[in-house]
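A short write-up of the structure that comes next.
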Amino acid sequence: MSTDLETEPRLEPGIDTSALRDENDRISMHWLERLRAYLEAGRAEDVAEVMAPLHAADVGDVLEALNGDERLLLLRQLGRRFDYSALTEVDDSVRAQLMEELPNAEIARGVAGLDSDDAIYILEDLDQEDRDEVLAKLPTFERLSLKRSLDFPEDSAGRRMQTDFIAIPPFWTVGQTIDYLRREQDLPDEFYQIYVVDASYQVLGTIPLDKFLRAPRVTPIEALMNTNLVLVDANVDQEDAAREFERYDLVEVGVVDESRRLVGVLTIDDMVDVITEEADEDIRLLAGVGDEDISDSTMDTVRSRVPWLVVNLITAVAVSVVIGFFDATIEQMVALAVLMPIVASMGGNAGAQTMTVTVRALAMRELDGPRLKRLITREVVVGFVNGVIFAFLIGIVTWLRFGDAELGVVIALAMIINLIVAGTAGILIPLTLDKFKADPAIASAVFVTTITDVVGFFAFLGIAGLWFGLF
């Protein structure tokens, strides 16, 4: 192994990081095996040299590609050269495993050099006792700033904000502000606008950097600032804050507390993460897999999925009970057993389509009064039209297959009924769950599928029993 390592060319710092990925934009397995060999051989300097060119997001991908022991080995061999911002780029389970193994003193050292929003992202996963110990090891100003952010609700704008920003009084000039920015050492690494505040840090206006840099030095700040403010309350949900960015095409926005004092800023990079996380969460909830990550252990995955599978089992039993009511009918006409899954399946798919549109509209806050009425009317009509179309098709197929035109009429009627019910249920169930403060993304699919199955079987078997006198 050691001879192999000596003969291969070494990756130099500053190398194009794209070379570390294969044609599918994944970490190259050759590169990863080389890193593993360095880790196993204890060659910390080579490990540091290989990792040096990587962006924090790439380091996060590497951490997820390694197993648990290798991750810890990597952190130990990198030591102070490890960028803790990489921990914001990994799955929750990977971050939790690493944080459990690292001493609090090392965590405090790592988060001390991070932006406040990244530091909060890491600290909020710690137990209260460990969090307090880490905070106690930080400088006073940073400790107070982070504690203030942690006091805001989880998943709120206050948790996502950066506490470093540029705030100046309105009586300064552009020249005074430029001199201040050149002289001041403790400025944010990146910022997009300057905030104009009064003595109590109430926001009076904002100045975008492009407008600021074009102004003469003698221009008063008060004459330059924009007073048409868009601000976000620190207690609002991060998803609502992201919606403000989308609505007003923002790059940065100020965050204010309950007294309307400026306490931080949100930037577009954090909001992109929020939008991605929220969309990912909704997709997983629709499938009933909760907050599961691909890095979770087998037992964690089982525990995550079992509750909703139990709910599905209960609803499946309910459907089987409905079918049981018609067991004599099915025994007299075997063709019914062959055809009845078609009606239920079509209803389930149609209901899922409507439900997806409704859940998305609820998440985007698009369903005001007029649009809600229009959506309900549209989906009921769509259900009827689709029902007629597929009723005709399945009726013809049934007639040709079984040579029974009356059976084709029966399944056609059941198809129309179930697709109308599917469209209605796909709207009303998410709306009802949302009204009772339940997340429609979690439970809608189970209820919609159950209703379309029950109605589909009941309508088809019931109409067949009445039509052919099988009761």
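Which of the following residues is more than 20 Å from Ala361 (Cα to Cα) and crowded, with 20+ Cβ neighbours inside 10 Å: Gly426, Gly465, Gly383?
Gly465
Inspect all residues belonging to the range 437-459 and state whether any of them is buried (at least 23 other Cβ atoms within 10 Å of the Cβ), modelled with pLDDT of 90 or more and among the small types (Gly, Ala, Ser).
yes
Are any of the residues in the range 406-414 within 12 Å of Gly347 (Cα to Cα), more than 32 Å from the chain's Cα centre (by Cα) and part of a helix (DSSP H, G or I)?
yes
Surrounded by 12 or more Cβ atoms within 10 Å (Cβ to Cβ), at pLDDT 90 or above and not charged (D, E, K, R), is that true of Leu39?
yes
One line per residue, one yes/no per condition, for (1) of a type outside the set (Lys, Arg); (2) touching a residue at least 12 places away in the same chain (Cβ under 8 Å); (3) buried (at least 19 other Cβ atoms within 10 Å of the Cβ):
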{"position": "Leu114", "(1), (2), (3)": "yes, yes, yes"}
{"position": "Lys147", "(1), (2), (3)": "no, yes, no"}
{"position": "Asp155", "(1), (2), (3)": "yes, yes, no"}
{"position": "Thr163", "(1), (2), (3)": "yes, yes, yes"}
{"position": "Arg182", "(1), (2), (3)": "no, no, no"}
{"position": "Ala215", "(1), (2), (3)": "yes, yes, no"}
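Can you give me the ranges of the strands (runs of 3 or more DSSP E) entirely in the range 131-247 with at least 1 residues that are farther than 29 Å from Val111 by Cα?
Where strands (runs of 3 or more DSSP E) fall fully within the range 131-247 and carry at least 1 residues being farther than 29 Å from Val111 by Cα, they are 193-197, 203-208.
Of all residues in the range 417-471, how many are more than 27 Å from Phe325 (Cα to Cα) and aromatic (Phe, Trp, Tyr)?
Residues flagged as more than 27 Å from Phe325 (Cα to Cα) and aromatic (Phe, Trp, Tyr) within the range 417-471 amount to 1.
If we scan the range 198-213, do we find a residue that is more than 28 Å from Gln97 (Cα to Cα), of a type in the set (A, V, I, L, M, F, W, C) and not assigned by TED's automatic domain parsing to the domain that holds Ala234?
no
Residues checked against (1) touching a Phe, Trp or Tyr at 6+ places or on another chain (Cβ under 8 Å); (2) closer than 30 Å to Asp368 by Cα; (3) hydrophobic (A, V, I, L, M, F, W, C); (4) part of a helix (DSSP H, G or I):
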| position | (1), (2), (3), (4) |
| --- | --- |
| Leu419 | yes, yes, yes, yes |
| Ala425 | yes, yes, yes, yes |
| Leu431 | no, yes, yes, yes |
| Ser444 | no, yes, no, yes |
| Asp453 | no, no, no, yes |
| Gly456 | no, no, no, yes |
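Kindly provide the set of residues from the range 195-207 that are closer than 14 Å to Asn226 by Cα and free of Cβ contacts under 8 Å to residues at least 60 places away in the same chain, ordered by number.
Listed by number, the residues that qualify are Val196, Val203, Leu204, Gly205, Thr206, Ile207.
Taking Gly395 as the residue in question, decide whether it is farther than 30 Å from Asp280 by Cβ, of a type outside the set (Val, Ile, Thr), surrounded by fewer than 16 Cβ atoms within 10 Å (Cβ to Cβ) and assigned by TED's automatic domain parsing to the domain that holds Leu433.
It is false that Gly395 is farther than 30 Å from Asp280 by Cβ, of a type outside the set (Val, Ile, Thr), surrounded by fewer than 16 Cβ atoms within 10 Å (Cβ to Cβ) and assigned by TED's automatic domain parsing to the domain that holds Leu433.
Just checking: which of the helices (runs of 4 or more DSSP H) contained wholly in the range 265-359 hold 2 or more residues that are surrounded by 14 or more Cβ atoms within 10 Å (Cβ to Cβ) and at pLDDT 90 or above?
Where helices (runs of 4 or more DSSP H) fall fully within the range 265-359 and carry at least 2 residues being surrounded by 14 or more Cβ atoms within 10 Å (Cβ to Cβ) and at pLDDT 90 or above, they are 268-286.
Identify the residue in the range 360-405 that is among the basic types (Lys, Arg) and assigned to a helix (DSSP H, G or I) and, among all such residues, is nearest to Ala422 (Cα to Cα).
Filtering the range 360-405 for residues that are among the basic types (Lys, Arg) and assigned to a helix (DSSP H, G or I), the one nearest to Ala422 (Cα to Cα) comes out as Arg378.
(1) of a type in the set (Ser, Thr, Tyr); (2) in contact (Cβ under 8 Å) with a residue 60 or more places away in the chain; (3) over 19 Å from Asp117 (Cα atoms): which one isn't true of Tyr192, the others all being true?
In the conditions (1) of a type in the set (Ser, Thr, Tyr); (2) in contact (Cβ under 8 Å) with a residue 60 or more places away in the chain; (3) over 19 Å from Asp117 (Cα atoms), Tyr192 misses (3) alone.
Residue by residue through the range 122-138, note down the ones that are modelled with pLDDT of 90 or more and not aliphatic (A, V, I, L, M).
Within the range 122-138, Glu124, Asp127, Gln128, Glu129, Asp130, Arg131, Asp132, Glu133, Lys137 meet the criteria.
Within the range 222-263, work out how many residues are among the small types (Gly, Ala, Ser), in contact with a helix residue (DSSP H, G or I) (Cβ under 8 Å, 6 or more places away or on another chain) and at pLDDT 95 or above.
Selection size over the range 222-263: 1.
The values are calculated or read from the model by the stated rules, or taken from the named source; none is laboratory data. Please read all numbers here as calculations on a predicted model, not as lab measurements. Heads up, the Cβs are rebuilt from the backbone with ideal geometry, glycines too, and the neighbour counts pull from every protein chain shown.
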